[in-house]
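Encoded as structure tokens, the structure appears first; notes follow it.
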Amino acid sequence: MAFSLDGRWIVSGSEDKTLKVWDAESGQETLTLNGHTFSVNSVAFSPDGRRIVSGSGDDTLKVWDAVSGQVMLTLKGHTAYVTCVAFSPNGVRIVSGSGDKTLKVWDAESGQETLTLKGHVNSVHSVAFSPDGRRIVSGCDDKTLKVWDAESGQETLTLKGHTFSVHSVAFSPDGRRIVSGSSNAELKVWGTR
């Protein structure tokens, strides 16, 4: 699930292969988005609220018009289920993580794959851009987090300390810290500088 940046809308993804958009005030369903052929694992609004990206067990991402519910782009390149998706803060790029052990960075306008980030040795569960859009953090079944340069795709840090799979990651608003959550109910906070 995800809120739009203005807080007016919620998008949810489901094992029934659909996304739904909801009015956050009334709770009314406003759109049902059909197009994936397997469960929807992750969803995110673009910063301007006009687009939605979804990642699915059908190995694809889709970009949707958040007003009409129409599919704008289908992004193909992963060779296993897509677990996590995120827009860059400026809405120009999308990052995805997958069961194929990679992250991919995509041009959000054209749908072209621009980078493949390799280094994890198991499924990637969570991804996030830093607030300035210059870095990406990922969390993985291999118990590590990795920080990547969003322009070059180079791995800049590997953060070790978890003893179970890392399922969720996020940057602090100032970009100086990362928080991670793991499947043993443990959270860790990391410095990035």
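Quick rundown of the values:
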quantity	calculated
Mean shadow area of region 62-111 over all directions, Cα convex hull, nm²	3.5
Separation between Cα centres of region 96-153 and region 1-76, rounded to whole Å	20
Length-normalised contact order of the chain in % [C-alpha pairs under 8 Å, at least 6 apart]	11
Of LYS104/LYS188; LYS104/LYS146; LYS62/LYS188, those spanning more than 21 Å from alpha-carbon to alpha-carbon	LYS104/LYS188; LYS62/LYS188
Selection from VAL21, VAL63, LEU31, by position along the positive dipole direction of the chain (Cβ)	VAL63
Size descriptor, Kirkwood hydrodynamic radius, that averages inverse alpha-carbon separations across the chain, Å	16.5
Whole-number percent relative contact order across region 1-76, with pairs defined as alpha carbons under 8 Å at least 6 apart	23
Full-stretch length increase - GLU25, THR116 - with 0.36 nm per residue and alpha-carbon distance subtracted	28.9 nm
Computed lengthening from THR156 to GLU186, 0.36 nm per intervening residue step minus Cα-Cα distance	8.4 nm
Intensity falloff of region 1-76 expressed as log10 I(q)/I(0), Debye formula with alpha-carbon point scatterers, at q = 0.16, 0.17, 0.18, 0.22 Å⁻¹	-0.47, -0.53, -0.60, -0.90
Using θ = phi - 60° and Karplus 6.51 cos²θ - 1.76 cosθ + 1.60, couplings along region 95-104 (whole Hz; Gly, Pro as x)	10, 9, x, 8, x, 7, 6, 10, 10, 10
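Each value in this text was obtained by applying a stated rule to the coordinates, not by laboratory testing. Here the structure is a predicted model, which means the values were calculated and not measured. Note that each Cβ is placed from the backbone with ideal geometry, even for glycine, and that neighbours are counted across all protein chains shown.
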